[in-house]
Structures are given as structure tokens and as C-alpha cells.
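Okay, structure first, notes after.
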Amino acid sequence: MLDKSIEKSPIQLSKEDFASDQMVKWCPGCGGHAILAAVENVFPRIGYKKENFTIVSGIGCSSRFPYYVDTFGFHGIHGRAAAIGSGVKIANPGQSVWIATGDGDSMAIGGNHFIHIIRRNIDVNILLFNNQIYGLTKGQYSPTTPMGQVTKTSPQGTIEHPFVTAGLVMGAQGTFFARIPDNNLKLMTDVLYEAAKHDGTSVVEILENCVIFNDKAHAFYTSKENRDEHQLILKHGEPMVFGKNKEMGIMLKETRLLAVKIGEGGVTEKDILVHDQYNPDPGIHRMVGRMTGPDYPVVFGVIRSAKSFTYDDKVEEQIDYAKQNSKIQTVDDLLNSGETWEI
Amino acid sequence: MSIKESKKNILELEDVVVKFVGDSGDGMQLTGSLFSDSAALAGNDLATFPDFPAEIRAPQNTVAGVSGFQVHLGQRKIYTSGDMCDVLVVMNPASLRSNIKWAKKDATIIVDESAFEGKAIEKAGYTTNPLDDGSLVGYNLIKAPISLLTKESLSGLAIEKKMAEKTKNMFVLGIMYFLFHREPDRTISFLKKKFKAKPEVIEANIIALKAGFNYAETIEAMVSTIKVGAAPMEKGRYRSIKGNIATAWGLLAASERSGRPLFLGSYPITPATEILMELAKHKSLGAKVMQAEDEIAGICSAIGASFAGSLAVTTTSGPGLSLKSEALGLAVITELPLVVVNVQRAGPSTGMPTKSEQSDLMQALFGRNGEAPLLVIAASSPANCFHYAYMAAKLSLEHMTPVILLTDGNMAFGSELFKIPKVADLPSIKPPLAKENDPDFKPYRRDQVTLARQWAIPGSEGLRHRIGGLEKTNIDGNVSTDPLNHELMVNIREDKVMRIANYIPEQKVYGEESGNLLVVGWGGTEGMLKSAVGHMQEKGYKISLALFNYIMPLPVNAADVFSRFKKIVVCELNKGQFVKYLRMTHPEFKYQQYNKVQGLPFHVSELTQVFTNLLEEI
Ligand SMILES: Cc1ncc(C[n+]2csc(CCOP(=O)(O)OP(=O)(O)O)c2C)c(N)n1
Ligand code: SF4
Ligand SMILES: [Mg+2]
């Protein structure tokens, strides 16, 4: 649900209302432009007043984001957007807080804050621009760069196991995780709206193209030619099917997922898993979230959206309770509490 | 323990240092604080200091497991918890072994004789029983079979043996109350409150307390009793307060007075943790407290909360301050209010976490990348942590700059009497909040006098803006790498902090305004320096003290103060960090220095020696 305690705009705002007066300085063709467009689409749809959005970021190409949106914005330091955003939300729960961050920002230097904001389930929306590279520093590998890829700091190929963002988020007990490609504006906008509606930390991993340092990194799943074959767009309550004619599906056989052709080898539509994004048990969410080619499609859309209380609501609850039940209502009460004496 | 007059069997003393020592399980902290409360109630001024073992559960009866509580009480102003003690209360051999060096040569030592048996003596590292082998000749040794007598006094009660043993601290307290002419009434009502749910515990403790009192009255070993009269103190309501608690409360008062809700983001670290625990208790005052995943998250969440409109605080000790350095720079460039409390401990690295030092001054002043000046204030006694925490918050909020408040482990755990103020009487706090829909609002438009920018809080209509760690143009606040703009901003940020000198009090001198020797100190050494300097002033030396609480910027009259003395000596519990800073800011003076880096406070005797030598050379 959208947060009723956040004030709505009295007038219908438009996309243009959210464009700031700053020149957008990302490279032409950078995935960032499309993400910005999706955000400018979804903010008016969410309908809060412009003053009730705060965008926080770390450092990186992606973290320039706040300057481009006409709301409150805070451009932080490398890796710390989640920590800064936590403070904004806890201190000022009337704000809809959006965190723009990169794969390095959140999963390398800021990994600790990333897992802890998720664990606490603070009600913010994280836009994770995953271009599988360090863009701003010009092309070093990141924690999501595929094993073996040659980059400026891995001339013979990386020798590190990359993080699968979905696995990390769900391992940190994430309540909301979605994945979107940067070239599907409608899906991006719809998913961002779902993220806004979720109570708790919503992580939206955006497979972003860095044309300069990691061009076509996601093309195997996101390009026009490959999309039908390798993309599975999840919809709650619907079977997990993909392929040009939706002839392919995902089924669970014993403890493993299988990508199967419906009608072949005795597989019927009934064997195909039906997506339940609200399932409190993250088991299937984790399994489908980790799927990757060439044997599996990559899933997009809302993978997990489980209900749980939020940290910021609990903070308010405890304060309300204390205010109603404590003898100490003012600092004077506090100063005079316990053992005191007159001289 | 200077003796005023001695009539009959009563020693009337100006001041006394008492130390209670025993095994961790012996309840020395409670005994010490109850004894202190009784002294405060009788009108003494006092200062206390606990001496905890570093280990959580050290083996019983070992030196590692000794826990102590020292109190210095007097009928005059008391500045420190005292160097050497006049009365040492000893509950087991290990505590005697580790504390005898802190007893004056003629000290009264009250020992639990029954605890000095085979195994315990051995565990303490003695080969013979120190009570009998003559090693304590010269002391006024009072041997009392405390454990034994406590058990006997409780023999009529149907309680477990263990519990009977536990009340021996009340027996000792009874002895001390007799010795010091104190009434046990307040302790009895305290016990009744504390153990409300356990009437048998109340009864046992009260019986032991009274038994101890009666025992002391009857035995002949007590040659004389001690009387310390009431100290001349300003009328008012008092309490005793620890530095860490005073810091927390000062921040809460600033939050209430400024109307800005308090946010604390913090990660536990000795000796600062107590501030986090204390603030977590006060949600009824609106305090939002987040125990962060690390110190970086602590300060960064506080910066976010500050951007969002809170009085934002992060509390830590040296190693944690190191982790916060980068984020401090962010607070400097975004020109947001932020209070960073650094409770100093002995470093480098983990160093000696439970020992106090003043060695984070340079880190506080300069430990950041780029030109990143900020306000640095140091509290100087447990009780004045309240005032300086309040002032740190006030100046930070009104001048839109981060502040580092330095306290230290001694102040944090030490306690003294605190005259309870009324919040309404504290100076007002008026942060420069931007007005909604102000057509002239710009993120870096400044007050012409203070140079503070306006604070535009998310949610306020018409005040949308973006700030961050990249250099910004003055007034408009757009990202800029313009060379001249950068230099302008660097200068403005510095000027803004330096102008705070116009809003802080002038430097006071303790003693004559001019003379032969000016002792200079800062922060937590105030009590030690005042005691030593006061002592020498009484003897007629032309010596004064300038104790600094405002470090960056320094008070405007600092040079004027320095110029009126023939010699200056800067005393610090570090290698000379403040003196280096003074050589930089006021190079026209010649400074001598006296330093100690042992994780220990200065002793008055060592200071008077140093000062006397310096004065003799004149
Ligand atoms: C403390 C610190 N360390 C290193 C850097 C340098 N740095 C800036 S951005 C960046 C990596 C950015 O990568 P990512 O987070 O993936 O963002 P992208 O530019 O790809 O959007 C690095 C290493 C920095 N600014 N601060
Ligand atoms: S370097 Fe890559 S990520 Fe950065 S702006 Fe250019 S295309 Fe985008
Ligand atoms: Mg990246």
C-alpha cells in the first residue's frame, strides 16, 4: 500500500514537474537516462507532493541521480547511501525515500550498510544500477562482474565469484526484490510503482547498460533479439512461462528447477510453477532469482514482496508507547528523577 | 587528609579519599555509591571514580578480577576523585595486593580478615598472609572478620548461604557509616525500594548493615572516627551524575530547547557505549536511537537525520572516530549540524580501552581529507559534560557546522555533584531554519554575520534542493569545479567556524590575571590542574591556570591571557598535542610542556613538583 501518512499532492503532477534544472551528464546511451525517465513517470503516479520525496545516493555514475530530479536530494559518499537514507527515513518518516546506488556502491564498499538496511526492513526504495562495472572510475571490475571477464583491473580475467544480487538480498532477509532491464520503460515504471507500494526495504535491481566500459553486458537477456528466449517476466498468480509463444516454463523437479518445453516429455501446463510474490517463504524466490543462462532464462519483474513490519514504524510505535507510559515527559522530569537532594 | 582539630576520638578532616576494593562479585560499586550518596546528603562535595576489571568474568579472587570504587569527599570544593587514599576498604587478598600502592603511608585499612585464607592468599600471589607477616606495619590496620560476622548475624534467617555471603558489603558499609558518623536511614529506604519484590533480601541486607554499624561501635580497634563537615555550596537541588549520563542529558536538553528531535546513530565502544544506552532509554522524550552496524553507519545515518531536520548525534571513542573521518568531511561540506561525541581512551588502535588519555585532539582538529575545519569543544568534568554537550549542540545547530565534543574515559565513568538546572534557564537555541515558500531560498545563501547557511527541511514546501559531497557554488549550491569558487568556499567554511569565537565565552584564568607561571590545560585534566595550582597558590606562588574548553576556535582573548605570564607550561595526558596547536595558532609565545601517557591521570604531587621546578628557574 502507498503510505497514507505521506501527504499527497493536491494537483496531478506530470513527468515534467520532476525534471530538475540541471543538465543530465551521463554518456549518451547510458542506461541511466531510461531509469531517470521511469522515475519521472512513476513519481506523479505515486502522487505524493514533490516536497515529500527525498532521493539519496552514494558515489558513482549512478549516484548522480539526485541532481536530476526536482525533489529533496542528498548526494553522499561512496557506499553510504543506505546508511544516510536510513537516517532520513527514521528521522522524517513523512518522506518517501529513494536510494540511487551502483553495484560497487552497494555491494562492495557499502555491502555492510546494504545488508543491514535490508535486514532492518526500513521503508525505503533502493534503485540498484547494476552495470557490472565501476563506471565512474572508468572500468574496473565490480562484485557483480562475471567470473573471467577482462576489465582494466583484471587483464587476464577476474578470478572472483560474483554476487547474484537476488541471492544477497534474500540472504539478508529482504522482503522485496525485483529485477528490471533498462530498456523496458513500461515494466520499469510498473515495478517501481510496486516497490513504492511495498512496506519495507524494496530493492529493485536494474540491469543497466554502461555503453562505455561494459557495453552489452546484459544483452544476452535484454537485447531485442534474445529477449523472448531468455527473459521470463514474472506476474503474480501466473505460471512462469517464457519463449516467443510462451511455450517454455519453469518446473520444480525434486529439489531443482528445470526449464522445460510445455507439451514435450509429458510436461503439461499444470507442471509449471505459478508465481506467488507474496509467499513469506523465500525458497522459490531465491531459486528463480538466481537462475541464469544458458540453461535458464533470467527472471524480471517483482520476484518477492513479502509482508513484514518496518523498522521505522516500530520506532514510532515505541516512542508513542513511551510517551504515553513514561513518568518522564520533559527533560526537567529527567533531571529531577532518581536520587536528588536540596542543599 | 589534613587534620583540622582532634578532639577526643573524632578526627575532623577537610577532605578524605576512600577506596572500596574487592572481588568483582563483592558489590563494591554499589557499596561505594551508597557511601557517596550518604556523604552528599550530609553536605560534602565529592567526586567518585570506579575502577573496573578489564575482564567481564575474571576468575574469583585473582588480581584480574579486582573491582574498586574511589570517592573523594570534603568540606571544601572537590575537584578530583583523589590520588592516594586515606581509607582503604579491602574485601580479599587480591584487592589488597593490587591497591596497597594507592594507600597513603598512614592510611586506615579495613580488611575482611576472614577472606584471608589459604587459597585466596595464594591466588593473589602472596606467599605469606600479609595481615600477619608484618608487611602492613605503619598503616592503621583494622582487621575484622566481616564474612564470618555477616553470616553469624544472619543465622536466624532462613536464607541461602550464598545470599548471606553477598550481604557482607552491607556489613562493611555499616562499619563505614559508624566511622564517618553517617545515618543509615537513606540506605535502608534505598534497599527497600531496590529489592521490593524480595522481602527476605531486604531484611538480610538491613540486618547486615546494622550489624556492621554495631560491630564498629563496640570494637576497640576503631581508635577514632572521622568527621567531614558540609562544604559551602550554592543553594539548590543536587544529584550525583556520571560524565556519560551528563553528556546524554545535555543533548536531550538541547533537543527540547531547540525543538529539534534527537536522533542518535551509534555503534557500541568503550568508554562511550553508556551514552548510547542512556539515550535509548528516553524515547518518551522523542529520542530516536539506532544502534548502527558500524561507526560509519552511525555517523552517516546521523547525517541523513540532520539533513532531514533532527538534532543529529553520533557517539564513539578514538577508533570509531577514525572510521567516521570521511563522513565528517561530508558534514563539513554539506554544512549540516552534527554532534560527534568522542570519549577518548588510550590509543593507538585498540590501545588500552579502559584507560583514559587526551590523545585524540589532533585527530579531532585535523583528521580529515581536504580543508575541513569544524568546531571542537572539550568538556572538563563529569558534571560539566552536561553544559558542554548542550553548548556543542547549540553552536552546531546555530552555525550549521559539525562539532566534535571531546570527553574522556575518566570523565565518562567518574561522577560528581551536579546542581540541577531548569531547562527554561538554559540559553535559547535558534537554528537558522528556512521559511516555507521563501522565494529567495538558496541552499548556500548565508547569514551575513555568522555565515551559516539555512536549514531547509525535507517536507517543507518550496524548499526542494540537492546538496552533497561535491563542491558547490556559493549561494546557488550547484555542483562546481570552478577554481575560484572552490577557494571561496574553502575560505567561507573556515571563516564560518572561526567566527564562532564571537559566540563563546572569553578564556577565564583561575587565580591572578598575571604572574610567573601560567599552567595551561584542556578538557579532562581540569580537576588535577586546579588542585595542584590551588595548592601552590595557597603557598603564595604566583601561579595561575587557564583551562581550555573551547579548542577550535580558541577564545578571542587567548593571546591576551598568555601575554600576562612570564612562563607558560602546557600539561596534557598525551605527547603534546594542544601545545603543538598553540605553537601553530599563537607562535609568538614560548611554551614549555609537561606530558604523561600512561593511561593514568596526573597526580597533584607530580604536578606541584613540576611547577615548583619551573618557578625556581625564574
Ligand atoms: C572512499 C572512496 N573510495 C573510492 C572512491 C572511488 N570511486 C568512486 S565511484 C567508484 C565505483 C563506482 O562503481 P559503482 O558503484 O558500480 O557505480 P557506477 O559508476 O558504475 O554507477 C569508486 C571506486 C571514492 N569516491 N570514495
Ligand atoms: S561511464 Fe557508463 S555508467 Fe557512467 S555515465 Fe557513461 S555509460 Fe553511464
Ligand atoms: Mg557500476
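The values are calculated or read from the model by the stated rules, or taken from the named source; none is laboratory data. Since the structure is predicted, the reported quantities are computational estimates derived from the model, not experimental observations. Methodologically, a virtual Cβ is constructed for each residue, glycine included, from the backbone with ideal geometry; neighbour enumeration extends over all protein chains shown.
Of everything in the stretch B:94-107, what is touching a Ser or Thr at 6+ places or on another chain (Cβ under 9 Å) and either surrounded by 20 or more Cβ atoms within 10 Å (Cβ to Cβ) or in a loop (DSSP other than H, G, I, E, B) (or both)? Give them in sequence order. Listed by number, the residues that qualify are B:A94, B:S95.
Quick grid of which residues meet (1) surrounded by fewer than 21 Cβ atoms within 10 Å (Cβ to Cβ); (2) within 12 Å of ligand 3 (Cβ to nearest atom); (3) touching a residue at least 24 places away in the same chain (Cβ under 8 Å); (4) under 28 Å from B:E295 (Cβ atoms):
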residue: A:A83; (1), (2), (3), (4): no, no, yes, yes
residue: A:A91; (1), (2), (3), (4): no, no, no, yes
residue: A:I118; (1), (2), (3), (4): no, no, yes, yes
residue: A:F129; (1), (2), (3), (4): no, yes, yes, yes
residue: A:G139; (1), (2), (3), (4): yes, yes, yes, no
residue: A:M147; (1), (2), (3), (4): yes, no, no, no
residue: A:G157; (1), (2), (3), (4): yes, no, no, no
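Among the conditions (1) in contact with a strand residue (DSSP E or B) (Cβ under 6 Å, 6 or more places away or on another chain); (2) more than 28 Å from B:D45 (Cα to Cα); (3) within 14 Å of another protein chain (Cβ to nearest Cβ), A:S326 misses just one, which is (1).
Given the structure, is A:T340 among the hydroxyl-bearing types (S, T, Y), within 14 Å of chain B (Cβ to nearest Cβ) and surrounded by fewer than 16 Cβ atoms within 10 Å (Cβ to Cβ)? Here the answer is yes, as A:T340 does meet what is asked. Taking the listed residues A:Q156, A:Q132, A:Q149, the one that is farther than 24 Å from A:W98 by Cα and within 16 Å of ligand 2 (Cβ to nearest atom) is A:Q149, with no other qualifying. With the structure loaded, tell me whether B:K77 is surrounded by fewer than 22 Cβ atoms within 10 Å (Cβ to Cβ), outside the structural domain of B:T354 (by TED's automatic domain parsing) and assigned to a helix (DSSP H, G or I) or whether it fails that test. In short, no.
Of the residues making up the stretch B:352-363, just one is without any contact (Cβ under 8 Å) to a residue 60 or more places away in the chain and either in contact with a His (Cβ under 9 Å, 6 or more places away or on another chain) or of a type outside the set (S, T, N, Q) (or both), namely B:D360. Within the stretch A:54-68, being more than 11 Å from ligand 1 (Cβ to nearest atom) and surrounded by fewer than 24 Cβ atoms within 10 Å (Cβ to Cβ) holds for one residue alone: A:Y67. For the stretch A:178-196, the criterion of being within 14 Å of chain B (Cβ to nearest Cβ), away from ligand 3 (no atom under 16 Å from the Cβ) and crowded, with 18+ Cβ neighbours inside 10 Å is met by no residue. Answer yes if at least one residue in the stretch B:231-238 is within 14 Å of chain A (Cβ to nearest Cβ), of a type in the set (G, A, S) and closer than 14 Å to B:I420 by Cα, and no otherwise. Yes, there is a match, as at least one residue in the stretch B:231-238 is within 14 Å of chain A (Cβ to nearest Cβ), of a type in the set (G, A, S) and closer than 14 Å to B:I420 by Cα. In this structure, is B:T314 in contact (Cβ under 8 Å) with a residue 24 or more places away in the chain, of a type in the set (S, T, N, Q) and buried (at least 24 other Cβ atoms within 10 Å of the Cβ)? Against the criterion (in contact (Cβ under 8 Å) with a residue 24 or more places away in the chain, of a type in the set (S, T, N, Q) and buried (at least 24 other Cβ atoms within 10 Å of the Cβ)), B:T314 qualifies.
Quick one: which strands (runs of 3 or more DSSP E) lie wholly within the stretch B:286-379 and hold at least 2 residues that are within 13 Å of chain A (Cβ to nearest Cβ)?
Working: elements: B:288-291, B:311-316, B:338-344, B:375-378.
Output list reads B:288-291, B:311-316.
In the set (1) more than 11 Å from every other protein chain (Cβ to nearest Cβ); (2) within 16 Å of ligand 1 (Cβ to nearest atom), the condition left unmet by A:F43 is number (2). Every test in (1) modelled with pLDDT of 95 or more; (2) more than 16 Å from ligand 2 (Cβ to nearest atom); (3) over 13 Å from A:R304 (Cα atoms) is passed by A:F213 save one, and that test is (2). Somewhere in the stretch A:150-160, is a residue within 13 Å of ligand 1 (Cβ to nearest atom), within 14 Å of another protein chain (Cβ to nearest Cβ) and either more than 15 Å from the chain's Cα centre (by Cα) or closer than 19 Å to A:I206 by Cβ (or both)? No, the conditions are met nowhere in the stretch A:150-160.
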